[in-house]
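Below you'll find the structure, written out as structure tokens, and then a few comments.
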Amino acid sequence: MLSDFLSLFFPRICVTCDNALIKGEHLICLSCDYKMAKADLSLSKDGFLAAKFFGRLHVEHVWAYYLFNKHARIQALLHKMKYHNMPELGELVGEKLGAALNHLNPELAIDVIVPVPLHKSRLRRRGYNQSDYFARGLSKCLHCDIATDIVTRTKDTETQTRKSRVQRWENVNEIFKVKDNSHLQDKNVLLVDDVITTGSTIEACGQSILEVGIKSLSIASMAAAK
Ligand SMILES: [Zn+2]
């Protein structure tokens, strides 16, 4: 009742099209959500996403909810989530992906979700890690723990597209450190990030996690570029 009254004066608007949201819509309008391209979750072992990591990282499943395209609605969504203090968008997409995964595979066993950490100076500037919120939405549906303080990022790196793959690997291999092995050992770990482009960040973080002796590693992102 109060929210209906407030919305007369402060209409809630869709983050990607700026149209007023109607009752039952949350952050993204139904029309935008319908038009945003989704990745095929059933191809988690042999689709374009799995192919990105083939020979680089031993993974069980790779999922993304949206397909990333520059200048599309998904770019506006990711931008608002990261730079306009709207981390709740990450949680919303986490819930959408979690519900879809439950529907697709009710037997799916994930023990713990690890969000790719931000370097502490970046975290201080932004105030939050959007991947923590994505993990929170996923954990609601997958009923598993989230480990936010187990892996740390020791270097604040940007994507290194100009370096050779070997140089890149040497560099990224020192970026992440697992602080407490016992939290991850013998677990089915789901490593999550906001967007996958080259996959080098996930590869670096995933290598550090695999080294502690886990049962399996899967990957999920809010969006992925083909
Ligand atoms: Zn919209």
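The values are calculated or read from the model by the stated rules, or taken from the named source; none is laboratory data. These numbers come from a predicted model, not from an experiment. Reconstructed Cβ throughout: ideal geometry from the backbone, glycine too, with neighbour counts over all protein chains shown. In case anyone asks, the SASA skips ligands and DNA or RNA and just uses the protein heavy atoms, side chains included. Shrake-Rupley method; radii C 1.70, N 1.55, O 1.52, S 1.80 Å.
Result for the chain in a Gaussian network model with C-alpha springs under 10 Å: among LYS70, LYS187, LYS45, the largest mean-square fluctuation is at LYS70. Shown here are the Rg and Dmax of the Cα trace of segment 90-151, at 12.5, 40 Å. GNM on the chain, alpha-carbon springs under 10 angstrom: the most fluctuating residue among ILE13, ILE209, ILE196 is ILE13. Summarising the label geometry, the points placed 7 Å from Cα in the beta-carbon direction at HIS79 and THR197 lie 1.4 nm from one another.
Close amide H pairs (under 5 Å, H built 1.01 Å from N) link ILE146 with ILE113, residues at least 5 positions away or on another chain. Label-to-label distance, ILE13 versus LYS215, with points set 7 angstrom from Cα along the beta-carbon direction: 4.8 nm. Using the rule -39500 (n - 2.57) for each DSSP H run of four or more residues, divided by the residues of the chain, the 222 nm mean residue ellipticity is -11000 deg cm²/dmol.
The shape of segment 37-224 comes out rounded: with a ≥ b ≥ c from the C-alpha gyration tensor, a/c is under 1.5. If you average the alpha carbon positions of segment 192-220 and of segment 90-132, how far apart do those two centres end up, in angstrom? Taking the Cα centre of segment 90-132 as reference, the centre of segment 192-220 is 13 Å away.
Helix 200-210: angle to the longest alpha-carbon principal axis of the chain, degrees 0 to 90, nearest 10? Approximately 60 degrees, to the nearest ten. In terms of accessible area, using a 1.4 Å probe and ignoring ligands and nucleic acids, LYS120, LYS226 rank largest first as LYS226, LYS120. Label point of ASP145 set 7 angstrom out along Cα-Cβ; within segment 100-131, amide nitrogens under 17 Å from it belong to 109-116.
Among rounded, prolate and oblate, which fits segment 31-86 when a ≥ b ≥ c are the square roots of the eigenvalues of its C-alpha gyration tensor, a/c under 1.5 means rounded, and a/b larger than b/c means prolate? Taking the square roots of the gyration eigenvalues as a ≥ b ≥ c, segment 31-86 is prolate.
Given springs between every Cα pair under 10 Å in a Gaussian network model of the chain, which of ALA37, ALA20, ALA50 has the largest fluctuation? Among ALA37, ALA20, ALA50, the largest mean-square fluctuation in the Gaussian network model of the chain belongs to ALA20. Can you pick out the pairs among LYS38/LYS70; LYS82/LYS179; LYS23/LYS96; LYS70/LYS226; LYS80/LYS155; LYS35/LYS80 whose Cα atoms lie more than 21 Å from each other? Pairs exceeding 21 Å: LYS82/LYS179; LYS80/LYS155.
Helix 73-83 and the longest principal axis of the C-alpha atoms of the chain enclose an angle of approximately 80°.
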